[in-house]
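Step one of this worksheet: look at the structure below.
The values are calculated or read from the model by the stated rules, or taken from the named source; none is laboratory data. If you're wondering where the values come from, they're calculated on a predicted model, not measured in any experiment. Using ideal geometry, Cβ is built from the backbone for each residue, glycine included, and neighbour counts are taken over all protein chains shown.
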Amino acid sequence: METLASQIRPDSPEYRANPSNRCYYCKHELYTHLSRIASGRGAVIVDGNNADDRGDYRPGRQAAREFGVRSPLDEVDLRKDEIRELSRQAGLPTWNEPASACLSSRIPYHTEVTDEKLRTIERAEQALRALGFRVFRVRHHDDLARIEIARDEMPRALDPDLSAAIVRALKEAGYRYVSLDLQGYRTGSLNEGLFLRPT
C-alpha cells in the first residue's frame, strides 16, 4: 500500500508550494528513509531539538512524533548556550558555529520553492561569508534580497566600502535590489507573519 511518505519528495508539489507546514513534508520524507535504516539496525532516530526550541513554530515536530523520533537534548532540558558550553569543554570544533537552517526557510511561505531560488540564496550567503560575516540570513523576496545580520556585525555592514561590496556581490548572485533589515538577524523571522493579528 502506498503511503503519504512514499508520495512526498523534495521536488513534490506539496513541498514546492511552500505552505506554512512545509517542514512537515520534508521531515516526513527524511524520517521515512531513516526509519527504514534504523529498523534494520535496531536503532532509534534522534534529532537535535533542545529546550530552547519548545516555543518556536516547528511543523517538522509533528513528523518527528509520528515516527517516534527522540530528542535527547530536549529530554534533559538542555538549552543552546549550555550545549555550546558542553561542546566547548569536550573540544568539539563546531561548538561556536552559528545556527544553520535549510535554505528554503529563506523563502516566504506560499511562494514557490525552486532550485534557482535556492541556488541564488546559496550564492548570496556564500558571498556574505566570504566578506567575513558570521551570523546572518538572506531572505529571498523575488528580485530583492533582505539581509538579516547580527546586531554586533551591523556596523561593518554599514561601512560605505563594505556595503558597496555587499551590493555588488548580491547583485552578482542574482538579485536586483539589496536591503538591510534594521531589526537584525532573528531565527524564524518569516514565521512572524503567521501570527500577526490586526489591531
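One residue stands out in the range 45-79 among those that are assigned to a helix (DSSP H, G or I) and exposed (fewer than 13 other Cβ atoms within 10 Å of the Cβ): the one that is nearest to the chain's Cα centre (by Cα), namely Arg65. Residues in the range 118-144 that are assigned to a helix (DSSP H, G or I), surrounded by 15 or more Cβ atoms within 10 Å (Cβ to Cβ) and within 16 Å of the chain's Cα centre (by Cα): Leu118, Thr120, Ile121, Arg123, Ala124, Glu125.
Could we say that Glu82 is within 19 Å of Leu170 (Cα to Cα) and not in a loop (DSSP other than H, G, I, E, B) here? For Glu82, the condition - within 19 Å of Leu170 (Cα to Cα) and not in a loop (DSSP other than H, G, I, E, B) - is not met. Take the conditions (1) modelled with pLDDT of 95 or more; (2) within 20 Å of the chain's Cα centre (by Cα); Gly184 misses just one of them, which is (1). One residue alone among Pro72, Pro108 is under 30 Å from Tyr25 (Cα atoms) and in the same structural domain as Asp52 (by TED's automatic domain parsing), and that residue is Pro72.
Pairing each residue of the range 139-158 that is over 14 Å from Gln183 (Cβ atoms) with any residue that is at pLDDT below 95 and part of a strand (DSSP E or B), provided the two are 6+ apart or on different chains, yields no C-beta distance under 7 Å. When the criteria are applied in full, Arg137 meets the requirement of being closer than 23 Å to Arg22 by Cα and not assigned by TED's automatic domain parsing to the domain that holds Gly60. Condition (residue is closer than 30 Å to Gly55 by Cα, exposed (fewer than 15 other Cβ atoms within 10 Å of the Cβ), aliphatic (A, V, I, L, M) and at pLDDT 95 or above) applied to the range 102-117: is it met by at least one residue? No, the range 102-117 contains no residue that is closer than 30 Å to Gly55 by Cα, exposed (fewer than 15 other Cβ atoms within 10 Å of the Cβ), aliphatic (A, V, I, L, M) and at pLDDT 95 or above.
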